[in-house]
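Colleague: First the structure, then my questions, so here it is.
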Amino acid sequence: QCAFIRGNAIVGRGAVVGNSTELKNSILFDGVQTPHYNYIGDSILGYKSHTGAGVITSNLKSDKSLVTVLCDGDKVDTNVKKFGAMLGDHVEVGLLTIVILFATIAKVLMTLIRTIFCRVQKLDCISP
């Protein structure tokens, strides 16, 4: 109820986009839960990952330049200005957490309440 979905979004089976959650240009794999008061922008959330209340994925650099990401030590140009977070499978993000832009959080990691994360751990590279 009262979720706001804009842009292109893919929401997997059994995923929850809940009350007052905004979802923009993101991919939610099966079983993902973003139950309430979240902003998930330009992000990829892995299988059965979960965001607590008030989680924000930051998705725009302050200088508005194109985003590059590290993959196996190499810089990869994304050719986009907005790039949110990549959460692995079964990641639990605690309430009121801000995930700084293009952070990657490996699977089975639980964050603490009111935490700010930036480039925590890299996921396996995603090949096209």
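Colleague: Out of region 16-53, which residues are polar (S, T, N, Q), touching a residue at least 40 places away in the same chain (Cβ under 8 Å) and open to solvent by 50 Å² or more (accessible area, probe 1.4 Å)?
Modeller: ASN25
Colleague: Test of understanding: among ARG114, ARG13, which residue is modelled with pLDDT under 95, open to solvent by 50 Å² or more (accessible area, probe 1.4 Å) and part of a loop (DSSP other than H, G, I, E, B)?
Modeller: Unique residue meeting the criteria: ARG114.
Colleague: Taking into account only those residues within region 99-109 that are of a type in the set (Val, Ile, Thr) and open to solvent by less than 30 Å² (accessible area, probe 1.4 Å), which is modelled with the highest pLDDT?
Modeller: Step by step, filter region 99-109, then rank; the result is VAL99.
Colleague: Here's something else I'd like to know. Mind counting the residues in region 54-98 that are in a loop (DSSP other than H, G, I, E, B) and open to solvent by less than 30 Å² (accessible area, probe 1.4 Å)? Walk me through how you get there before you give the answer.
Modeller: Within region 54-98, the subset in a loop (DSSP other than H, G, I, E, B) is 54-55, 58-59, 61-67, 72-73, 78-81, 83-85, 88-91, 94-97.
Subsequent filtering for residues that are open to solvent by less than 30 Å² (accessible area, probe 1.4 Å) retains 54-55, 59, 67, 84-85, 88, 91, 94, 97.
Residues that pass the stated criteria total 10.
Colleague: Being assigned to a loop (DSSP other than H, G, I, E, B) and more than 14 Å from the chain's Cα centre (by Cα) is the filter here, so list the residues in region 16-36 that pass it. Give the derivation first.
Modeller: Keep residues of region 16-36 that are assigned to a loop (DSSP other than H, G, I, E, B), which gives 20-21, 25-26, 29-32.
SER20, ASP30, GLY31 - these are the residues of region 16-36 that are assigned to a loop (DSSP other than H, G, I, E, B) and more than 14 Å from the chain's Cα centre (by Cα).
The values are calculated or read from the model by the stated rules, or taken from the named source; none is laboratory data. It should be emphasised that the depicted structure is a prediction, and the values quoted were computed from it without experimental measurement. So basically every Cβ, Gly included, is an ideal-geometry build from the backbone, and we count neighbours across all protein chains shown. Quick note on the areas: whole protein, heavy atoms, side chains included, nothing else; ligands and nucleic acids left out. Shrake-Rupley method; radii C 1.70, N 1.55, O 1.52, S 1.80 Å.
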